[in-house]
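S.K.: Pasting in a structure now, in structure tokens, and then I'll have a few things to ask.
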Amino acid sequence: MSDQAVEPAVRCRGLRKSYGKHVALDGLNLDVPAGSLFGLLGPNGAGKSTTLRILAGLVRAQAGDATLFGVPATQHVAAARNTSFLIENAVFPGHLTARRVLKRTADYMRAENDDTLLERVGIPEAADRKVGGFSHGMRQRLGLACALLGRPHLLVLDEPQNGLDPEGLRMIRGILAEEHERGATILVSVHRLAEVEGLCTDAAIMASGKALRAGRIEDLLAEERPRYRLVVDDAMRAESLLRERHPDLYVENGALVFRAEKSEAATAAAALVQGGVRMFELAPIKRSLDELYRTEVNAS
């Protein structure tokens, strides 16, 4: 029996959207695998919020298609079933209490109300306060509580960490990890690259309305030819001994950096020892998501 392809939780094909002369999306193609914790990265104006607004049914694309678990996003009610959104800044009627906002949201979503979510997001003491007096960070926490109602299969969050203090950031990371652990697919747009690299399973880098790179983070960070960092007592002599074999070698912060396969790196180390150079460290360099991000965005 052949394995059937698993339908992505989110699929975008050829999405285009302009606001006057500004092109927000320019033929965006994107797949968010079911069960992934997917980080959407990009500078301001990359098209991240527009993409999420199209998925939420708040904005219509001028061309292309977007689906949630195979259902067109234009069929908003059907597409949003078992899906929760926190799009940009959460806004609520200022005269309602947090508890009342949560109850109204649950009724609208036809989900079971759960006051314990206010405790989960860290605002139990504000349950009976009117949200008109809430800080931006408290509104973000309340918005997240509303998004968690009904244990959604897909959670779409636009910059949920905005306005949060370090404690709030730890709360967000914990909740995303817990929701992913229970099996939810999570699509979250972020600016803090460390949040993605340390937490997400997959990511896409956006710029100018397109996805420049997308995939599993471990695959995005893999390099065809690994780099090695070499620390020695005489960098100039080591460079002269290795330059012919490794013409791409360069010196960075007193250490030699060069590309090589594992066996080639070992051969280089042996050549240095034979040449009388004392070696203190030879270690592979792991490419960071920040490095990949800057390379892709600057090249776009």
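S.K.: Hey, got the dipole for the range 1-154? About the Cα centre, +1 on K and R Cβ, -1 on D and E Cβ, debye to the nearest 20?
M.R.: 540 debye
S.K.: Quick query: amide H of LEU157 versus all other amide H atoms, modeled in the peptide plane; which residues come in under 5 Å with a sequence gap of 5 or more or a different chain?
M.R.: Counting only residues 5 or more places away or on other chains, the set is LEU86, LEU187, VAL188, SER189.
S.K.: Rounded, prolate or oblate for the range 37-185? Axes are the square roots of the Cα gyration tensor eigenvalues, ordered a ≥ b ≥ c, and the cut-off for rounded is a/c under 1.5.
M.R.: Note, shape of the range 37-185 comes out prolate.
S.K.: Rounded to the nearest 500, what is the 222 nm mean residue ellipticity of the chain from helices alone, with -39500 (n - 2.57) per DSSP H run of 4+ residues and division by all residues?
M.R.: It comes out at -9500 deg cm²/dmol, rounded to the nearest 500.
S.K.: Using Cα-Cα distances under 8 Å and only pairs 6 or more residues apart, what relative contact order does the chain have, in percent?
M.R.: Relative contact order for the chain comes out at 19 percent.
S.K.: Which loop trypsin sites (Lys or Arg not before Pro) in the range 23-69, with loop taken from DSSP, have no more than 13 other Cβ atoms within 10 angstrom of their Cβ?
M.R.: Of the trypsin sites (Lys or Arg not before Pro), the ones in loops of the range 23-69 whose Cβ has at most 13 other Cβ atoms within 10 Å are ARG60.
S.K.: Listed highest first by mean packing, meaning other Cβ atoms within 10 Å per residue, what order do 63-71, 148-156 come in?
M.R.: 148-156, 63-71
S.K.: Something else about it: Based on Cβ point charges of +1 for Lys and Arg and -1 for Asp and Glu, what charge dipole magnitude is obtained for the chain about its Cα centre, in debye rounded to the nearest 20?
M.R.: Taking the Cα centre of the chain as origin, the dipole is about 1020 debye.
S.K.: Here's a follow-up. Considering only lysines 8 or more places apart in sequence, or on different chains, count the pairs in the chain whose C-alpha atoms sit under 25 Å apart.
M.R.: 7
S.K.: Calculated FRET efficiency, ASN89 and SER18, Cβ-Cβ r, R0 22 Å, to nearest 0.05?
M.R.: Efficiency at R0 = 22 Å is approximately 0.45.
S.K.: Averaging the inverse of every distinct alpha carbon separation and then flipping it gives the Kirkwood radius. What is it for the range 184-239, in angstrom units?
M.R.: One over the average 1/r among Cα pairs gives 14.4 Å for the range 184-239.
S.K.: What's the Cα-based Rg to Rh of the chain, Rh via Kirkwood?
M.R.: So for the chain, dividing Rg by the Kirkwood Rh gives 1.10.
S.K.: How much FRET efficiency would the formula 1/(1 + (r/R0)^6) give for ASP234 and ARG192, where r is the Cβ-Cβ distance and R0 is 41 Å, rounded to 0.05?
M.R.: The pair ASP234/ARG192 has a calculated efficiency of 0.55.
S.K.: With charges set only on the Cβ (+1 for Lys and Arg, -1 for Asp and Glu), what does the dipole of the range 121-258 come to about its Cα centre, in debye to the nearest 20?
M.R.: Roughly 400 debye for the range 121-258.
S.K.: If you count, for each residue, the other Cβ atoms within 10 Å and average over each peptide, how do 137-146, 108-117 line up from highest to lowest?
M.R.: 137-146, 108-117
Bear in mind that the values in this text are calculations on the coordinates, not laboratory data. As the structure is a prediction and not an experimental result, all values here were calculated from the model. As a convention, Cβ positions derive from the backbone with ideal geometry for all residues, glycine included, and neighbour counts pool all protein chains shown.
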